[in-house]
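The values are calculated or read from the model by the stated rules, or taken from the named source; none is laboratory data. Just so we're clear, the structure is a prediction, and the values are computed from it rather than from any experiment. Cβ coordinates were reconstructed from backbone atoms using ideal geometry, including for glycine residues, and neighbour counts include every protein chain displayed. Heavy atoms of the whole protein, side chains included, go into the accessibility calculation; ligands, DNA and RNA do not. Shrake-Rupley method; radii C 1.70, N 1.55, O 1.52, S 1.80 Å.
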Amino acid sequence: MKKNVTKMSKRIIGLVAAAVMSVSMLAVGGMTASAASEYQNSNYAVCDHIDGKAIRTMTVYVSPEWQKDDANFALYIYNSQTGIANFVTPDSIEGTKLQFKYAYGPDYMIVVRCKPGTDARNIGWDKVWNQTGDIKINDLLVQNEYTIQGWEKTANA
């Protein structure tokens, strides 16, 4: 009788351990699926977090042509699936190097060259002198950089 109780105890312990492992695996799988759906359009590594939001830093190098006439610069970022779009002005400018920070979500960007005096308060398409074509952000995953060659695509110039 004692052997049967010991065997039964071992089986119960084994079943409980298996159940705990199964529940643990479901929880981990659920978190992974949740995180994947939150950033479904962002198949790139998270660069930074600010106020609990994933932030991407994009570096753009402008050509000498784009620097003429005291031009200002911005990114027009948009999500092609949701239609959410926004202009983002540079966080820093060092010579030809512009750095932009923005929340994850957009899958395309357009670099724009704007009239002098254009900033985050008054930016819009009516201020744009030149622009690049649509740039797929996932194509820039390795370095998070884009270099403007010459004038590229022209808008309102």
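Annotations
- Strands (runs of 3 or more DSSP E) within the range 45-157 that include 2 or more residues open to solvent by 70 Å² or more (accessible area, probe 1.4 Å) and modelled with pLDDT of 85 or more: 92-94
- Filter result (farther than 13 Å from residue 62 by Cα and in contact with a Ser or Thr (Cβ under 6 Å, 6 or more places away or on another chain)) within the range 121-133: 127
- Pairs meeting the criteria (first residue in the range 134-157 and over 12 Å from residue 58 (Cα atoms), second residue at pLDDT below 80, beta carbons under 8 Å, at least 6 apart or on different chains) are 151/157.
- Residues that are among the aromatic types (Phe, Trp, Tyr) and touching a Ser or Thr at 6+ places or on another chain (Cβ under 9 Å) do occur in the range 105-120.
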